[in-house]
Amino acid sequence: MQEILNRIDWQKQELLPVIVQDVTNNEVLMMAYMDKEALELSLQTGIAHYFSRSKQRIWKKGESSGHIQTIHSFNIDCDNDTLLIKVTQEGVACHTGRRSCFFTELKSGDVQTEVEVNTDAMYGVIDTLYHTIQERKNADPSTSWTAKLFSKGENTILKKVIEESGEFTFAFKDNDEAEMIYEAADLTYHMLVALAYKNISPDRIKQELARRFDISGIAEKNSRES
């Protein structure tokens, strides 16, 4: 295994670009990255594992959706720094529910393929909302509130986070349950916009919360102050 891994020129970069094709018709499904551990897992299991730059962790393709990729071949390019794999794709490759991630024509911006699978339930509302926010980063500010926030910049986004935090606090103080839910939703949305502005996936928040499960809250606080 080590001999195979050493065929990659890891000196150029720690993350290996990976082009993913359908084994039956050579359709390009997606592009992702593998670090050395992800490549080793992929070689060992025959199932695609990647390193997510947004989540900052290894993820098994289809771990949430069940849309795994069974790998049939690994081919390295002439510079030993880019990988081409051919796979059997279960379900769809794109988180949007489309067969391929390459569905938008660059010049016109036209979407060329339809959604095949509703992925909202698979990924959960937080992840789905985060992806939607990311997709609207460069949209015309007149088309959505999200695009407008991004166009205004980080100061406007932070003001909204503070504003929604205050409104939630007042709803809590007034013991207004319906208003608390409404303002908590507003606060969550604007926090996700702030995270998206910095390209921080909510998965990293989940990882941090999971890390704290076996740590006393007092110990955690003390460790940060020391």
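The values are calculated or read from the model by the stated rules, or taken from the named source; none is laboratory data. Just so it is clear, the model here is predicted, and its values are computed rather than measured. For neighbour counting, all protein chains shown are included, and Cβ atoms are generated from backbone atoms with ideal geometry for every residue, glycine included. Just so you know, the surface numbers come from the protein's heavy atoms only, side chains and all, with ligands and any DNA or RNA stripped out. Shrake-Rupley method; radii C 1.70, N 1.55, O 1.52, S 1.80 Å.
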Charge dipole (debye, nearest 20) of the chain; +1 at Cβ of Lys and Arg, -1 at Cβ of Asp and Glu:
460
The stretch 7-36 and the stretch 85-117 have their Cα centres apart by a whole-number Å value of 17
Among the lysines, select those whose C-alpha is under 24 Å from the C-alpha of K107, and discard any that sit fewer than 8 residues away in the same chain.
K137, K148
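So, for the chain, what is the accessible surface per residue at a probe of 1.4 Å, expressed in square angstrom?
Working: 13950 Å² over 226 residues.
Ligands and nucleic acids excluded, the figure is 62 Å² per residue.
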To the nearest 10 degrees, the tilt of helix 36-45 (Cα long axis) against the first principal axis of the alpha carbons of the chain is 60
Give me the three principal axis extents of the stretch 1-71 from the C-alpha atoms, as integers in angstrom, largest value leading.
31, 27, 20
Projecting the Cα atoms of Q112, I215, S142 onto the charge dipole of the chain, where Lys and Arg contribute +1 and Asp and Glu -1 at Cβ, the residue farthest towards the positive end is I215
Mind sorting out which of (1) 200; (2) 131; (3) 150 is the real volume of the Cα convex hull per residue in Å³ computed from the coordinates?
(1)
Setting aside same-chain residues fewer than 8 positions from K206, which lysines have a Cα under 21 Å from its Cα?
K55, K60, K61, K198, K221
Given contacts defined as C-alpha pairs under 8 Å and at least six residues apart, what's the relative contact order of the chain, whole-number percent?
14
Of all accessible surface on the chain at a 1.4 Å probe, what whole percent is carbon and sulfur?
52
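Please state the charge dipole magnitude for the stretch 1-60, taken about the Cα centre, from unit charges on C-beta atoms (+1 on K and R, -1 on D and E), reported in debye and rounded to the nearest 20.
Magnitude of the dipole: close to 240 debye.
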Treat every Asp and Glu Cβ in the stretch 95-164 as -1 and every Lys and Arg Cβ as +1, leave all other atoms uncharged, and give the resulting dipole magnitude about the Cα centre to the nearest 20 debye.
260
Show me 155-162, 39-46, 108-115 ranked by packing, highest mean number of other Cβ atoms within 10 Å first.
39-46, 155-162, 108-115
Could you state how much accessible area E14 has, in square angstrom rounded to the nearest 10, with a 1.4 Å probe and all protein chains kept in place?
150
How far apart, in nm, are the 7 Å Cα→Cβ label points at V161 and E3?
5.1
On a 0 to 90 degree scale, rounded to 10, what angle separates helix 154-173 from the longest Cα axis of the chain?
50
